[in-house]
Every structure is written in C-alpha cells, then in structure tokens.
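The values are calculated or read from the model by the stated rules, or taken from the named source; none is laboratory data. For clarity, every value in this text was computed on a predicted model and none was experimentally measured. As a convention, Cβ positions derive from the backbone with ideal geometry for all residues, glycine included, and neighbour counts pool all protein chains shown. All accessible areas refer to the heavy atoms of the entire protein, side chains included, with ligands and DNA or RNA removed. Shrake-Rupley method; radii C 1.70, N 1.55, O 1.52, S 1.80 Å.
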Amino acid sequence: MEDYILLGFVLILSIYLGLELISKVPSTLHTPLMSGANAISGIALVGALLLSVDSQLQTALAFLAVTFASINVFGGYLVTNRMLKMFKKK
Amino acid sequence: MDISVIQNIVYIFSSILFITGIKMLGREDTAVKGNFLSALAMLVAVLVTFINISDPLILVAGIGFGAAIGSLIALKVKMTSIPEMVALFNGFGGLATFLIAWSEFNSTPDNLFQHILIMTTVYIGGITFTGSLIAYGKLAEKIQIVKTSFITKLFTTIFYISLAFLVYSALVTPILATNFEFFTVLLVLTLIGGIGFVLPIGGGDMPVVISLLNSFSGIAAAFAGLLLLNNVLIVAGSLVGASGLILTIIMAKAMNRSIGNILFVGYASASSSNSAEEQGEVNPINVSDAYLILENASSVLIVPGYGMAVAQAQHVVRELGELLEENGTEVKYGIHPVAGRMPGHMNVLLAEANVSYDVLAEPEDVNPTMDSVDVAVVIGANDVVNPSATEEPGSPIYGMPIIEVHNAKTVFVLKRSMSSGFAGVQNPLFFKQNTRMLFGDAKDSIGGIVSEFKD
C-alpha cells in the first residue's frame, strides 16, 4: 500500500506540473501539442513490455498491446514532426 | 547495483526529458526540438525496459510491426486528414492500456486496491479506444448518424449502464471485481460504452471530444503505471492527461459552454427561439464584383472555417492573400479556436498551404480594430461569426466569443447554400446591410477571384 501512496503522490504532482507547463500554449500550436501529447501517451509501450507472459492469453495480450502502443508512438511522433515542420514564419 | 535500481534511475532521466520536451512543445520556436526530446525520452525508457526481459523476440516483433504500420500511416496521410489520424492513434494508445489492464487481471492480483485499479484502467482505456474510433469515423465522415436515432440512443444507454456498472463494482461491491465472469461483462460493456460516449456528439463539438479523449489516454497510461508500479508511465501519462485537459477547457471556453453541456446535452435542447421570417433578404454578389471590391480594399481579414477544409481551399486562399499583399492590401487571418474539427485545425491547414504564422490572429486581436477592416472574407465559417452571440440574449450561442466580422465595412460570406451552421442557429450576419453572399464552392469562388487578379 505504501508503494501506491508514493506513486499517487508522483501522479498528483505530475498532473499539476503538466497543467502549469502548458497552460499558456498559443493556439497555433494546439494541434501539434495534442498530437505530440498523444505520442507521449504511447508510453503504455513500456507498460506492455513489462507484462508477464505466463499463459498463451497473456502472450497474445502483451503482443497486441506492444503492437498498438508502437503504432501510437511511431505514428504520433512522425505526424507531429511533419506538422511542426510546416509551421514557419516568413 | 541491482538492475531495477539502474532502470529506475534511467526512468527518472527519461521523465525529465518528457517534461522538458512537452514544455518546449508549447512554444513556437522550440516545438520541433521539444517533440524530438520527448521521442528521445520514449526511446530511452523503452530500451532500458528491455534489460531484464528474458524472451524479447515476440515483443520486438510487435514493436517492428507497430512501427511499420504507424510510420506508414504517418508519412502517407494527407495533412487535411490530420484530425482523424490523431483520433486513430489516440485510440490505439487507449487499446494498449486496455489490454495491459486485462492482462494484469490474469496475473491474479493480490489485493482489492489492485482490482479496483485494474477495472478503472480497463474502463478508461476501453472508452478511449472505441470512443476514438467513433471520433475517427465521424471526422473521416464515414459515420453519419443522427443524434436522435434509435441506434444512438441505444449505445448512449449502454454507455450509462457501463458507467454505473463500473461505479457499482469498484465502490459498492469491490469483492465482485475478482470474479472472472463479472470482469468479462465489464470488458464488453466498456467497449460498447465508448461507442455510446462519442456517438451522440456532433461534428462541431469534435475539438472538445478529441482533446478529452487525448486526456483520457494519458490518464489511462498513468493508471497502468500505478498498476505496474512504474514511475515513468505515471509521469508521462499525467503530462498527457493534463495537456488534454487544458485543451478541453480552452475549447469549451471558446464556445462559452460547460464541458458537461457539450458531452451530455448538445445544442439540440437549446432549440432556436428566433424564426427565420424576420431576417429579410440576402444580397448575393458575383466573383467579378467581389474582385473589384477586394482590389480597392486597403485591409482584408480572412476568416476560415470548416468549410475551407471541406473545399480544400487553403492553397487558393493563400494565393489570394499573396496577390492582395502584392496589391498593397494588408492581409490578416482571423482564426477562432474552435473553427474546424480539432483544436488548431485552421492553423494546420494554413501552415500546410505555407501561410506565415505571424499573420494568423486570434479573435481578441482582430475584434478591437474590426471597424477599420475594409473587407472581411468569411470562408466556410458560420457559428464563429454569428452576431447573435453578442446581440441576442435568447440565442443558444449567446455569450460565445466570436470574430465580430459584422463590424467590418464589408463582409463577404462564401457559402455553398443557405443552410445553418452546426449549431442549427440562423445567422443574422447573412442578412446584414454590409454583407454580400458569394454562393458556390469556396475553392472555385476564390479561384475565380485569383484569376481575375492575374488578368
């Protein structure tokens, strides 16, 4: 239970940090920020790698989780990069 | 030193990179670098996780498979399809957390708290997954379903049932959560519930829904981190949760509506009290007259909306803007935060067409000087320029911040027909003395003006 309390602490602080960091984002960047944040949510990939694979069902679940998280990660970062490259001042 | 200690130290390093990355992503001059740092953070976290995996083959195969599909979609997709792509990727992230929590259920968790955590993670991940798929379908215009149809109501009802089921199982009788059949019911209800969550929400409210689903995928990842006792998942997930929440709030404010109203009520309940009969007649204009007026204008404000995206008119709009500037006209673009189908949609389209971002202005920048604008050109925007929002207290959109084009000397409205906007509210702008309607496809109309300029 102590683990959860400590990690819950990390969770609350990180959310607060996130709110502070991004509260004044210019509207030009709304889409790239959303798409970039979306790529970050692919961090579930790390979670998927940590899954135990003791049974066939679990192996299948881990494989699928890794695959879909990877689509999220690679697709998300590449699309964001493509988009940001278009933004320029003349 | 123990391997897990090294791993955790590297996770902290990765978390710092994520935090710096997302901070830099929020500023124009550092955004590209910020995205790169956050990708680097991801790479570091993934690599160090591999240290103590005994049988990595199948997992590497999964990554390779996902990387191939993801990269292919990301590099092939047209910039105009960005909203639906973001929704789709977001859904896959949600699905991954859904599967993680499902797998953890099978590792026979040993305390009640873990069970509750598993159920909540399954729920948020599942809602994110199917909800994002529906959002994808709506944005790609593959799903066109009426809010009041039986199917929509059925799915919406299942959404509420699924929510009640989660609350009941997690809070009232958590002991049931260990039951396999019970858990299976939750899995199914969640996936159907996600459909019902997004199905009734209309296209114009999509910027809010997408931001919210984005936030959910982060929160789901953070919960999965709690479940697996992994701090980098918690930090990165929370950052996404927070950024999605901020965007959701910005979007809701730009519509002057509460998040609850957007998600669960919609515009339908606020049916318009004003009828169309008092509106009078519209003044149409043709391309050559529009050209003559534009040629003599010294300042022009272009206000794009979803119609510009539909007509794919951003390139000819940029061309018109350049020709006007060569002609000595001051050109600005007035961008409303909720114009389009996702936050910042118009900015992306115009950036794709090579419009410099320093001529893109927000409503509060252009409204104070609106009476000095000679011509405001409204391209496929409707609700965001509807003067009822400032003039008619009875209107459903009253109070919504708008771009006050009706205060400009002349307003051109480019529109395919006289149908009302997403909100279903009549737009008195069309009937104003200083308004000229240029009917037809926006791309053709602007293209016509552009060729007149060239002659």
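In this structure B:ILE285 has an accessible area near 30 Å², from a 1.4 Å probe over the protein heavy atoms.
Determine, at each q value in 0.08, 0.11 (inverse angstroms), the log₁₀ of I(q)/I(0) that the Debye formula gives when each Cα of chain B is one equal point scatterer. Debye output, listed in q order: -0.55, -0.94. Diffusion coefficient of the protein assembly as shown by Stokes-Einstein, Kirkwood radius over Cα pairs, 20 °C, 1.002 mPa s: 88 µm²/s. Phi-derived couplings, Karplus 6.51 cos²θ - 1.76 cosθ + 1.60 at θ = phi - 60°, listed residue by residue for the stretch B:233-241: 4, 5, 5, 5, x, 5, 4, 5, x Hz, with x used for Gly and Pro. Dipole size of the stretch B:349-455 about its Cα centre, with +1 on Lys/Arg Cβ and -1 on Asp/Glu Cβ: approximately 440 debye, rounded to the nearest 20. Taking all protein chains together, B:THR184, B:THR410, A:THR31 sort by accessible area into B:THR184, B:THR410, A:THR31, largest first [probe 1.4 Å]. Considering only B:SER243, B:ILE219, B:ALA442, the residue lying farthest towards the positive end of the dipole of the protein assembly as shown is B:ILE219, judged by Cα position with unit charges set on Cβ.
Alpha-carbon geometry of the stretch B:77-265: the Rg and the Dmax are 16.4, 49 Å, given in that order.
Largest first, the three principal axis extents of the alpha carbons in the stretch B:277-454 are 45, 33, 29 Å in whole numbers. Interface of B with A. Using a 1.4 Å probe and counting protein heavy atoms only, the two chains hide about 7900 Å² of accessible surface, both sides summed.
Which distance in Å, rounded to a whole number, links the C-alpha centroids of the stretch B:1-30 and the stretch A:1-43? Going from one Cα centre to the other spans 12 Å. Counting Lys and Arg as +1 and Asp and Glu as -1, what is the net charge of the other residues whose Cβ lies under 10 Å from the Cβ of B:TYR291? Taking every Cβ under 10 Å from that of B:TYR291, the sum is -4. Simple point charges give the picture: +1 on the Cβ of Lys and Arg, -1 on the Cβ of Asp and Glu, and for the protein assembly as shown a dipole about the Cα centre of about 640 debye.
Projecting the Cα atoms of B:GLN314, B:ALA290, B:VAL300 onto the dipole axis of the stretch B:282-334, where Lys and Arg carry +1 and Asp and Glu carry -1 at the beta carbon, places B:GLN314 farthest toward the positive end. For chain A, the longest principal axis of the alpha carbon atoms and the long axis of helix A:2-22 meet at an angle near 10°. For B:TYR398, A:TYR16, B:TYR306, the ranking by accessible surface with the largest value first comes to A:TYR16, B:TYR398, B:TYR306, using a 1.4 Å probe. At the listed q of 0.10, 0.20 Å⁻¹, the Debye profile of chain A, built from one uniform point per Cα, gives log10 I(q)/I(0) equal to -0.41, -1.03.
Angle check, please: helix B:112-139 long axis (alpha carbons) against the longest principal axis of chain B (alpha carbons), in degrees 0 to 90, nearest 10. The two axes meet at around 30 degrees.
Computed with a 1.4 Å probe over protein heavy atoms only, the accessible area of A:HIS30 comes to about 10 Å².
For the stretch B:191-256, the C-alpha radius of gyration divided by 2.2 N^0.38 Å, with N the number of residues, is 1.25.
Taking a straight line from the alpha carbon of B:LYS142, these lysines sit under 28 Å away, with near neighbours fewer than eight places off in the same chain left out: B:LYS76, B:LYS78, B:LYS153, B:LYS415, B:LYS443. With 0.36 nm allotted per residue and the present C-alpha distance subtracted, the B:LEU57-B:GLU330 stretch has 92.2 nm of extension available.
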